[in-house]
Ligand SMILES: Cc1ncc(COP(=O)(O)O)c(C=O)c1O
């Protein structure tokens, strides 16, 4: 049966794309150069400058960025990597993809990120790195985590957090390697795309090789690797989007502030002190007893698209072995479990009008009665 089409549904998410992107794509096509050209170089330079990084390497997705980061650090079979339990599965899949073992760690009840203490306690002798996630654009406590995990390189999964800051530090500026995603659900999009950021020259060289068939110079294959490059067309979109990043973030912040004021009783995600979030996703924790997926269906009939907030990785079949390790090592996941079961993402995108947002809030209140 075909899904029922309900007109005028307020979508969960919408990218900001207009004539400027269309012109940039047309101009790129007109050059005839579609890979490894000027647009990728310009996009990398813009993100490097925004985050204060020495190197920015555009790749095909956020997931590719994470996997290349692990490979560049030499992580593989026999190694373990700390991974927050509440997230899209990519970070854990990337760890499995290089043959290593994810060590899952519960998230903080208020900030929804894995914190320094949880990560410190979960550290085992075979841990060779930690993936630290700025979940939903909320900055992780990277400096405190680095202090709690001496000698453990941090890969910051900043997939959601381009445009967020802690004090003067842009998200993506910390960690031995940080990884962004430019999927359309993110604040800045290139369609598909990702980026690795680092200040380390040797790692940047390795990442450059890994994204391009393992070539150190054209035709010289230093190692075996796939093709993880970003296209010129995608990068051309990214260049335009970088020009409006701060205004897109400001608009998102105004919308999120209105949600936060109206929905304080539904435990929205809390930011660490000094953080300014890009508001990539606005989520709430529904009261116990509410069946989130039924509520999503009810809201849809009210003309509002909402979504599942995230996943508790220890419940996924491909991570059964990591869940069994956790069980044996005494790690539990009450916060990730609650957020995976009862977390709800609300519509949030630049251009969401105040009256439409009021409709979302009123519909949510109605179905929660
Ligand atoms: C925290 C996190 N990491 C990684 C990714 C993967 O990014 P991509 O979809 O670009 O592969 C996502 C995507 O949703 C994500 O939310």
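Rg and Dmax of the chain, both derived from C-alpha coordinates alone, stand at 20.5, 65 Å.
Can you tell me how the stretch 183-319 classifies by the Cα gyration tensor, rounded, prolate or oblate, using a/c under 1.5 as the rounded cut? Cα axes put the stretch 183-319 in the prolate bin.
Placing pseudo-labels 7 Å out from each Cα toward the beta carbon at residue 361 and residue 216 gives an inter-label distance of 6.0 nm. Label reach from residue 246 (point 7 Å along Cα→C-beta): in the stretch 268-311, amide nitrogens under 20 Å belong to 274-280.
Note on the chain: GNM, Cα springs under 10 Å; of 131, 177, 75, the largest mean-square fluctuation is that of 75.
In whole percents, the pair-distance distribution calculated for the stretch 197-266 from its alpha-carbon pairs, binned every 5 Å from zero, is 3, 13, 13, 12, 13, 11, 9, 9, 8, 5, 3, 1.
With all projection directions averaged, the alpha carbon convex hull of the stretch 83-176 covers 5.7 nm². So which residue, out of 56, 30, 146, gets the largest mean-square fluctuation from a GNM of the chain using Cα contacts under 10 Å as springs? Checking each option, the largest mean-square fluctuation is seen for 30. Put simply, when 97-105, 201-209, 165-173 are sorted by average Cβ atoms within 10 angstrom per residue, most first, you get 97-105, 165-173, 201-209. Converting the Cα gyration tensor eigenvalues of the stretch 1-114 into ellipsoid dimensions via √(5λ) gives semi-axes, longest first, of 32, 26, 15 Å. Only helices enter this figure: runs of n ≥ 4 DSSP H residues, each worth -39500 (n - 2.57), summed and divided by the residues of the chain, yield -12000 deg cm²/dmol at 222 nm to the nearest 500. The protection proxy used here, the mean number of other Cβ atoms lying within 10 Å of each residue, ranks peptides 219-229, 110-120 as follows, highest first: 110-120, 219-229. Take the Kirkwood radius over Cα pairs of the stretch 24-88, plug it into Stokes-Einstein at 10 °C and 1.306 mPa s, and you get 108 µm²/s for translational diffusion.
Taking packing as the residue-averaged number of other Cβ atoms within 10 angstrom, the listed peptides 292-299, 89-96 run from highest to lowest as 89-96, 292-299.
Read-outs throughout are calculated quantities, based only on the coordinates presented, and are distinct from any laboratory measurement. Predicted model only: the values in this text are computed from it and were never measured. Cβ: placed from backbone, ideal geometry, glycine included. Neighbour counts: every protein chain shown.
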